[in-house]
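Below is one structure, written out as structure tokens; comments come after it.
The values are calculated or read from the model by the stated rules, or taken from the named source; none is laboratory data. Computed from a predicted model, the values in this text were never measured in an experiment. Backbone-built Cβ (ideal geometry, glycine too); neighbour counts: all protein chains shown.
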Amino acid sequence: MKRDVMKAATDEVVKLGSSTNRTLRSEERIPTVSVIIPTLNEAGNLPYVLNTIPDWVDEVIVVDGRSTDDTERIARLLHPGVKVIHELTPGKGAALKAGLYGSSGDFIICLDADGSMDGNHLGDFRDALANGAEFVKGSRFAPGGGSADITRFRRFGDGGICLLMRLLFGARYSDATYGYFAVRADRRDHLGIDSNGFEVETLINIRAHRAGLKIAEVPCFEGNRIHGDSNLSAFKDGLRIARCIVREKVRGHRAATV
């Protein structure tokens, strides 16, 4: 009788121990990571970009905006598991939105396809999110960052945009126009992307701040575009971004807050 009671008690302890271990393993699940790469005729640059993405990335998504070159074929050839989303609406904002909502990872990291953004920084973005940040901004001008592509005029313009964001919204960023960023999947709705142009990157920064997300910056080094020509105009796009910031202030976008 006594042995039976002791055996029953031991079995119950084993069951409780197994249940506890399963709970701990569940709580310690490693977050999955999705990488979003918007493309438009980037077949010449994708070999470099895809080769810098580490093996621990769970999902790579190429959002292609009607490329006329071999962008999709090169992507599938170099990364057989790549997910390709065809976005018919033109503009980087439309591509980012399609990628953010087409991804399945817990952490989402977005980078350009022109070779100027180094995939070796992906770990820094992942670690910042894992340490509690909800939105992570890459910065060329934070300590440890840099750029091989920036001009004095563009640097001056970026500083002016940072100042404008600080005056109108209280947002303190060291780099306003660099599009390397990451966000937790459960916070992507707070970015409220409703712009299709290149100004979307600055708009995302503002929306993340207004939503009260926990924001971190990581230093990045910007290289030169490897192949092809940039479609950006420092003066025209700078004015467009400034107008976007003022319009955001005037219309008072109501961001979902945390």
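Laid out as a table, the results:
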read-out: Test set (1) within 29 Å of Thr71 (Cβ to Cβ); (2) part of a loop (DSSP other than H, G, I, E, B); (3) in contact with a Cys (Cβ under 6 Å, 6 or more places away or on another chain) - Gly138 fails condition number; value: (2)
read-out: Residue satisfying all of: in region 113-141; in contact with a helix residue (DSSP H, G or I) (Cβ under 6 Å, 6 or more places away or on another chain) and closer than 19 Å to Ala208 by Cα; surrounded by the fewest Cβ atoms within 10 Å (Cβ to Cβ) among these; value: Glu134
read-out: Any hit, region 169-188, residues being exposed (fewer than 14 other Cβ atoms within 10 Å of the Cβ) and either under 19 Å from Pro219 (Cα atoms) or of a type in the set (Phe, Trp, Tyr) (or both); value: yes
read-out: From the options Arg3, Arg22, Arg76, residue that is of a type in the set (Lys, Arg), at pLDDT 95 or above and on the phi < 0 side of the Ramachandran plot; value: Arg76
read-out: Residue in region 167-181 that is more than 22 Å from Ile226 (Cα to Cα), among the aromatic types (Phe, Trp, Tyr) and not in a helix (DSSP H, G or I) present; value: yes
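Yes/no per residue for (1) assigned to a helix (DSSP H, G or I); (2) farther than 22 Å from Asn196 by Cβ:
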residue: Ile30; (1), (2): no, yes
residue: Val35; (1), (2): no, no
residue: Val62; (1), (2): no, no
residue: Arg66; (1), (2): no, no
residue: Arg73; (1), (2): yes, yes
residue: Val84; (1), (2): no, no
residue: Ile109; (1), (2): no, no
residue: Ala128; (1), (2): yes, yes
